[in-house]
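Presented below is the structure to which this report refers.
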Amino acid sequence: MQSRRKFIVTTALSAVGVAVTTGFKGSTYLFSEDDKLKKKAEKIHNKILTIDSHCDTPLSIIYRNLDLGVRNDARKTGTKVDFPRMKEGGLDASFFAVFLGQGKRDEESNKKAKEDALKIFDAIHKSISENPDLAELALNPKDAYQIEKTGKRAIYIGIENGYPIGKELKNIEEFYNLGARYITLCHSSNNDICDSSTDEEGSEHNGISPFGKQVVKEMNRLGMMVDVSHVSDKSFYDAVKLSKTPVIASHSSARAICDHPRNMDDEMLKTLAKNGGVIQLCVLNSYIREQPENPEREEALKKLREKYNNFEDLSKEQRAEASKVWGQIYKDFPPLPANISSAVDHIDHIVKVAGIDHVGVGTDFDAGGGIDGFLIY
């Protein structure tokens, strides 16, 4: 059992190779497993196609002017992903997220959300076009294998939060034509599509709204994956029932291991597997390890949100200031650290409940994802 667990830890590290850049190539390895186990994990890692189903690096392109074509130092930029580091870590493909935090749900705000989404699409396309020898846009499953053979990184696009759809179903096809292949129906608050798992006001639609049902139908028509990360439990079951194709959880974890409403309980995991879907493990600290209440941190974060309008409609300078203060708050009031072993506990549990064919990795890198045990370069 111990040998099996050590192998799983080693394999899990390689599976999220973005952050383990020199794990199998450099001078210092994080763990002291037997060389045989490391070699076995490396062999598997090099043989398979590796995919991270959720990465928020486009935020760094927009707000930090991150150049994905050069190898960035994480200690200087605070980032975890670029094309060279993907190659070093052996990550073949990644879904780059077009993320929009939930704002007001009126016509003007919806229009602004769409405009912001289009800017992120443009930033992704520009980063790829400026680095034709390093990366290529992927639009279907076959593309990942074909691009991998060229030595380039396959970049898919997903939308995190259906907010930029507004009330216009036609926007979904526009986003599809720009390369989006999944939409996370909501984020941390309820929207016009469905209820969120973490909205402080609780349920608004009792799951997916009538408009949301039309959204799912249109996504099915186009061939876009329905992403149920962030949605409420009722929204999850509605999505499974409504969708004609398997749904995915692009970045979620197991509630039985970490009791957080963002995570999926065992019944949801079983339903997801029966539906043919997959849960991609999110390696964000608070979704991996249960955290005790920290009133001081919560009060500081509350004041920060109030000062910066819940992070809506900020200039680049304001966003940089807010990000700096956010980081300082977590330094002053640090959460209990999760580690690779904690993440493997989730993988072990999901495999037991849902089956090995229904679990993957969606790191949430460059938006909070990352736990103790990842090498930072």
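The values are calculated or read from the model by the stated rules, or taken from the named source; none is laboratory data. This one's a predicted model, so the numbers in the text were calculated from it and none came from an experiment. Here the Cβ is made from the backbone with ideal geometry for all residues, glycine too, and neighbour counts use every protein chain on show.
Among the residues of the range 88-104, those identified as under 14 Å from LEU49 (Cβ atoms) and assigned to a loop (DSSP other than H, G, I, E, B) are GLY90, LEU91, ASP92.
To keep it simple, each residue is scored yes or no on (1) aromatic (Phe, Trp, Tyr); (2) farther than 23 Å from LYS152 by Cα; (3) modelled with pLDDT under 80; (4) over 17 Å from the mean Cα position of the chain (by Cα).
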residue: PHE31; (1), (2), (3), (4): yes, yes, yes, yes
residue: LYS36; (1), (2), (3), (4): no, yes, no, yes
residue: GLU42; (1), (2), (3), (4): no, no, no, yes
residue: SER60; (1), (2), (3), (4): no, no, no, no
residue: ARG64; (1), (2), (3), (4): no, yes, no, yes
residue: ASP67; (1), (2), (3), (4): no, no, no, yes
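Restricting LEU139, LEU66 to residues that are assigned to a loop (DSSP other than H, G, I, E, B) and within 17 Å of LEU178 (Cα to Cα) narrows the list to LEU139.
How many of the residues in the range 254-286 are assigned to a strand (DSSP E or B) and within 25 Å of PRO335 (Cβ to Cβ)?
Matching residues across the range 254-286 total 6.
Of note, PRO141 does not satisfy the criterion of being in contact (Cβ under 8 Å) with a residue 24 or more places away in the chain and either under 22 Å from the mean Cα position of the chain (by Cα) or closer than 28 Å to PRO210 by Cα (or both). Tell me, which residue of the range 111-138 that is over 21 Å from the mean Cα position of the chain (by Cα), among the acidic types (Asp, Glu) and farther than 19 Å from GLU174 by Cβ is surrounded by the fewest Cβ atoms within 10 Å (Cβ to Cβ)? Once the filter is applied, the top-ranked residue is ASP133. You will find that of GLY89, GLY101, GLY78, GLY69, the residue that is in contact with a Gly (Cβ under 9 Å, 6 or more places away or on another chain) and surrounded by fewer than 18 Cβ atoms within 10 Å (Cβ to Cβ) is GLY78 and no other.
Per this entry, ARG319 is not counted among residues that are surrounded by 12 or more Cβ atoms within 10 Å (Cβ to Cβ), free of Cβ contacts under 8 Å to residues at least 24 places away in the same chain, of a type in the set (Lys, Arg) and in contact with a Phe, Trp or Tyr (Cβ under 9 Å, 6 or more places away or on another chain). Only a single item in (1) surrounded by 15 or more Cβ atoms within 10 Å (Cβ to Cβ); (2) under 23 Å from ALA113 (Cα atoms) is not met by ILE329, and it is number (2). As a summary of the residue check, MET1 satisfies the conditions (1) at pLDDT below 70; (2) crowded, with 18+ Cβ neighbours inside 10 Å; (3) among the aliphatic types (A, V, I, L, M) except for the one numbered (2).
Restricting the range 253-291 to residues that are hydroxyl-bearing (Ser, Thr, Tyr) and modelled with pLDDT under 95 leaves a set whose member that is nearest to VAL361 (Cα to Cα) is TYR287. Of the set (1) touching a Ser or Thr at 6+ places or on another chain (Cβ under 6 Å); (2) modelled with pLDDT of 95 or more, all apply to ILE172 but (1). Kindly check whether there is at least one residue in the range 142-153 that is surrounded by fewer than 20 Cβ atoms within 10 Å (Cβ to Cβ) and assigned to a loop (DSSP other than H, G, I, E, B). Checked the range 142-153: at least one residue is surrounded by fewer than 20 Cβ atoms within 10 Å (Cβ to Cβ) and assigned to a loop (DSSP other than H, G, I, E, B). Can you spot a residue in the range 332-339 that is modelled with pLDDT of 90 or more and out of contact with any Phe, Trp or Tyr (no Cβ under 7 Å at 6 or more places or on another chain)? Yes, some residue in the range 332-339 is modelled with pLDDT of 90 or more and out of contact with any Phe, Trp or Tyr (no Cβ under 7 Å at 6 or more places or on another chain). Of SER196, SER188, all but one fail to be of a type in the set (Gly, Ala, Ser) and under 15 Å from the mean Cα position of the chain (by Cα); the exception is SER188.
Scanning the range 207-226 finds no residues that are under 19 Å from the mean Cα position of the chain (by Cα), buried (at least 24 other Cβ atoms within 10 Å of the Cβ) and assigned to a loop (DSSP other than H, G, I, E, B).
Scanning the range 210-255 for residues that are over 14 Å from GLY162 (Cβ atoms) and basic (Lys, Arg) returns ARG221, LYS234, LYS241, LYS244, ARG255. For the range 175-188, the candidate set comprises residues that are of a type outside the set (Phe, Trp, Tyr), out of contact with any Cys (no Cβ under 9 Å at 6 or more places or on another chain) and at pLDDT 95 or above; within that set, the residue that is surrounded by the fewest Cβ atoms within 10 Å (Cβ to Cβ) is ASN177.
Filter the range 56-115 down to residues that are of a type outside the set (Asp, Glu) and free of Cβ contacts under 8 Å to residues at least 12 places away in the same chain and give me whichever is nearest to GLU130 (Cα to Cα). Walk me through it before giving the result.
Keep residues of the range 56-115 that are of a type outside the set (Asp, Glu), which gives 57-66, 68-72, 74-81, 83-87, 89-91, 93-105, 109-114.
Subset that is free of Cβ contacts under 8 Å to residues at least 12 places away in the same chain: 65, 76, 109.
Details: ASN65: 14, LYS76: 23, SER109: 31 Å.
Checked the range 56-115; the qualifying residue nearest to GLU130 (Cα to Cα) is ASN65.
Surrounded by fewer than 24 Cβ atoms within 10 Å (Cβ to Cβ), within 16 Å of ILE350 (Cα to Cα) and without any contact (Cβ under 8 Å) to a residue 12 or more places away in the chain - does that describe any residue in the range 256-272? The answer is yes; a qualifying residue exists.
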